[in-house]
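These notes are about the structure you will find just below.
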Amino acid sequence: MPKQYSLEFKTQVVLACKQGLSIPDASAKYQVAKSTLYRWMQEIHLTENESVAVDYPALQRQNVRLEHLLQIIRLSNLIDEAPLRKLLEILARLHEQFAHYSVHELCETLNVSRGTFYNHIFRKADRSKYLEEQR
């Protein structure tokens, strides 16, 4: 069974290699195979200040997990059972509160077409303008 190394250890070794330690020397010093070191160099990208490592394989695994959760939510049909009006109200509230989510992401998550959502927003704006004029 392959040995598991911590992210901190991997980062330390990659940092040493980036600072000038050759791969064969790092392999001998840290007792890690050269092929493993080459893979770590590709996987772990250090930021400009060299203090934070980004573990792309871990991010990819997390992305796959989140996509599976989203599929489970969609397959459960809970979203489809909610009335469209309720979904549009939820989308409008989320769009107002959380501007960092794009309309595309919000609509895709709740299985509502973007055109329907935009029509809802424009009708809501027109309706509020109409009610204000009536007052």
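For this structure, a couple of remarks:
- Accessible area of the chain belonging to carbon and sulfur atoms, whole % at 1.4 Å probe: 53 percent
- Using alpha-carbon coordinates, inclination of helix 114-134 to the longest axis of the chain, degrees: 40 degrees
- Given +1 at the Cβ of Lys and Arg, -1 at the Cβ of Asp and Glu and no other charges, the dipole of the chain around its Cα centre is 180 debye to the nearest 20.
- Leu110, Leu78, ranked by accessible area, largest first (probe 1.4 Å): Leu78, Leu110
- The chain, relative contact order in percent, only Cα pairs under 8 angstrom and at least six apart counted: 13 percent
- Close lysine pairs were tallied over the chain: pairs 8 or more places apart or on different chains with Cα atoms under 21 Å apart number 8.
- Sites Glu96 and Leu7, calculated FRET efficiency, Cβ-Cβ separation with R0 41 Å, nearest 0.05: 0.60
- For Thr116 and Ser35, the difference between the fully extended length at 0.36 nm per residue and the C-alpha to C-alpha distance is 23.9 nm.
- The chain: angle of helix 56-75 to the longest principal axis, Cα-based, in degrees nearest 10: 30 degrees
- The stretch between Glu133 and Gln42, if pulled fully straight at 0.36 nm per residue, gains 26.5 nm over its current Cα-Cα span.
- Gaussian network model of the chain, Cα within-10 Å springs - most flexible of His100, His120, His68: His100
- Of the residues Ser27, Leu15, Pro2, the one whose Cα sits farthest towards the positive end of the charge dipole of the chain is Pro2 (charges of +1 on Lys and Arg Cβ, -1 on Asp and Glu Cβ, taken about the Cα centre).
The values are calculated or read from the model by the stated rules, or taken from the named source; none is laboratory data. Every value quoted in this text rests on a predicted model; they were computed, and no experiment measured them. When we count neighbours, we look across all protein chains shown, and the Cβ atoms used for this are built from the backbone with ideal geometry, even at glycine. Side chains are part of the model used for accessible areas, which takes the heavy atoms of the whole protein and leaves out ligands, DNA and RNA. Shrake-Rupley method; radii C 1.70, N 1.55, O 1.52, S 1.80 Å.
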